[in-house]
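Beneath this line is the structure, given in structure tokens, with notes to follow.
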Amino acid sequence: MSMPLNSVIAKVTDRIRQRSAKTRAAYLARIRAAGEEGPARASLDCGNIAHAFAASDAADKQVQLEKTWPNIGIVTAYNDMLSAHQPLGTYPDKIKTYLREVGAVGQVAGGVPAMCDGVTQGRDGMELSLFSRDVIAMATAVALSHDTFDGVICLGVCDKIVPGLVMGALSFGHLPILFLPAGPMRSGIPNPEKARIRQLYAEGKVGRDQLLVAESASYHSPGTCTFYGTANSNQMLMEIMGLHVPGSAFENPGTPLREALIRATAHRAAAITKQKGGFRPIGEAIDERAIVNAIIGLHATGGSTNHTLHIPAIARAAGIIIDWQDFADLADVTPLLCKVYPNGPADVNHFHAAGGLAFLIRELLGAGLLHGDVLTLGADDLAGFAKEPGLEGKDIVWREPPEESGDLDIVRPASNPLSKDGGLRVVSGNLGRGVIKVSAVKPEHRVVEAPAIVFHSQNALIEAFKAGALDKDFIAVVRFQGPKAIGMPELHKLTPPLGVLQDRGFKVALVTDGRMSGASGKVPAAIHVCPEAEAQGPIAKVRDGDIIRLDSDAGILQAKVEADEWAARDLAQHDLTASHSGMGRELFSGFRALVSEAEAGAVAIPNLAGEGEG
């Protein structure tokens, strides 16, 4: 029997609703006005229609001209370089075939860019990564701006792609819009072995040839990388927000069930259009309750820190304003139920086999930790996502998940959690405000007080490590890495050297206004610190030798400097000219100028960056 909704969750939801009353009302008024116009093609002139359907085959052209069959737009992030997106190349033709089975047609509306943080880690291109999310949102809007669609299927998987697709989709919130991924690659070498080789390489104990062998054995085939980083956290969010056909997240590419899920998504996309009578617009579905469910899912699974940026950005696209205090308050009442790498040795395939998202959602619903009354697009209600798909012939049947976890080291019931609260916390003090992921950090490392060593790039820290200058207790302050400075790149290459130093017995931690990615690991890292150094944030006041206290248990991020001295200190300056050109970075000067702070989602689209709130 399900418990009533947790009182803290209800309180936070109501707080968000009140805070967002003006912006949410304006958003709903806009999309409802768009929806009242009826099927888009009804208002198109003959010339518009002729252009829109000129390349369709005769049968599709006829039903589109008659305006009786719904026309489903397909927005795709396909490219054949990214393993997660390579399988999407065959999806549009399959979707069109499956749409015809239920009296609908489809067209590829457009494509969006999809870059890989794994390829660009530590390189100049990484400085475009976060901004690519907003480019994807705008590209999605361009794709749908032809206004000829009755519903949409978005094809995408990885880090910035899914949040960008959702943000763009919400600009067309009067339409029903589903999301469809390709699933994770099959498991390669165990994640702890991959981490071990990386650390040995950082220490100079193995060469690049051995490192490449290990990396290639880990990232080895089509599909999403199997660790629980941002890409797979995206897929959890799409399920718990009701935007997938249930079970779409973690089925491997190329299986009969994956094929059936493509078919089921096409059928469902047609069914929820106005023409078919099951109308469910995405803008009505993504409300305050759905956003709260997303945050709870993030906490319960120990998901990516990047979503402390992406969920606020998605929320703002729907007229909803959230902040990190909402994350913190929800973390206090959300138990950690999953242990998936980097929080443990298992990958998402192991998680899926042990019970997966259907088990997790059933547990959270039963414990009163999710809003079960949300509008969902991929199933009739959120309880539909507490079932898992199976096959009878070529058709999907929906089954109850296992009563008990297949492995308590990977996923647990709400009555027996891994931790009583979520894996993400907010830290604040005279250095500003940031977030820290503690689900992978051992309790004895969660409080560090040590002298600061200041760096203005991750390469500078790596060089100091190689020179043997960091064999001591310290907190690395890596600043001028925020969105206004250089686009807020991930600093994931810092994990191996800092991990080596921690293993040597030193007390180490990281404080930065940059990102540390969904693969944040065992070293405590206060990230996304805002205001950032480039925005005259207090992190720019830190000097080498200042004692810094990072206490993730108490939520403290403090420079232990006398208040008068701290107030009188000048802010450090840093020449960023070299990071503002080359590799396309010169094209994003406007984004750097407009971008909001991290807590507001680091959004560079003006009307989503905090204007008009109240």
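Which ³J(HN,Hα) values in Hz, rounded to whole numbers, follow from the phi angles of segment 112-122 under the Karplus curve 6.51 cos²θ - 1.76 cosθ + 1.60, where θ = phi - 60° and Gly and Pro get x?
10, x, 9, 9, 10, 5, x, 6, 9, 3, x
Taking Cα atoms, how many degrees apart are the long axis of helix 230-240 and the longest axis of the chain, rounded to 10 and kept between 0 and 90?
Around 50 degrees separate the two axes.
What are the residues whose amide H is under 5 Å from the amide H of residue 278, where those residues sit 5 or more places off or on another chain and H is modelled from the backbone?
Counting only residues 5 or more places away or on other chains, the set is 273.
Sort 352, 310 so that the residue with the fewest other Cβ atoms within 10 Å of its own Cβ comes first and the one with the most comes last.
352, 310
Using only alpha carbon pairs under 8 Å that are at least six residues apart, calculate the relative contact order of segment 272-427 and give it in whole percent.
Relative CO of segment 272-427 lands at 33 percent.
Where does helix 129-144 land angle-wise versus the long Cα axis of the chain, in degrees 0 to 90, nearest 10?
Tilt of helix 129-144: around 10 degrees.
Along its principal axes, what span do the Cα atoms of segment 424-579 show, with the longest given first and each in whole Å?
36, 34, 28
Normalised by the residues of the chain, what does the relative contact order come to in percent, with Cα pairs under 8 Å and at least six apart?
It rounds to 15 percent for the chain.
So I have [x] 60; [y] 41; [z] 16, and one of them is percent of Cα pairs over 44 Å apart calculated from this model. Which one is it?
The value computed from this structure is option [z].
Any chance you could give the angle, 0 to 90 degrees and rounded to 10, that helix 356-366 forms with the longest Cα principal axis of the chain?
Once rounded, one gets 90 degrees.
Residue by residue through segment 545-559, what is 3J(HN,Hα) from phi via Karplus (6.51 cos²θ - 1.76 cosθ + 1.60, θ = phi - 60°)? Round to whole Hz and write x for glycine and proline.
Going residue by residue, I get x, 4, 7, 10, 10, 10, 10, 6, 6, 9, x, 10, 9, 9, 8 Hz, with x marking Gly and Pro.
For residue 274, give me every one of the aspartates and glutamates with a C-alpha distance below 12 angstrom, ignoring sequence neighbours fewer than eight places off in its own chain.
36, 37, 150
Would you calculate, for the chain, the mean residue ellipticity at 222 nm contributed by helices, counting each DSSP H stretch of 4 or more residues as -39,500 (n - 2.57) and dividing by all residues, to the nearest 500?
The helix-only estimate for the chain comes to -10500 deg cm²/dmol at 222 nm.
Quick check on packing: order 266-277, 423-434 by the mean number of other C-beta atoms within 10 Å, highest mean leading.
423-434, 266-277
Please return the longest stretch of the chain lacking exposed loop sites, where GluC sites (Glu not before Pro) count only if DSSP places them in a loop and at most 13 other Cβ atoms lie within 10 Å.
102-402
Applying the Karplus parametrisation 6.51 cos²θ - 1.76 cosθ + 1.60 with θ = phi - 60° to the phi angles of segment 531-539, what ³J(HN,Hα) value in whole Hz is obtained for each residue in order, glycine and proline being reported as x?
Running phi through 6.51 cos²θ - 1.76 cosθ + 1.60 with θ = phi - 60° gives x, 6, 4, 5, 9, 6, x, x, 4 Hz.
Every read-out reported here was derived from the displayed coordinates using simple, explicitly stated rules and does not represent laboratory data. Everything numeric in this text was worked out from a predicted model, so none of it was measured. All Cβ positions, glycine included, derive from the backbone under ideal geometry; neighbour counts span all protein chains shown.
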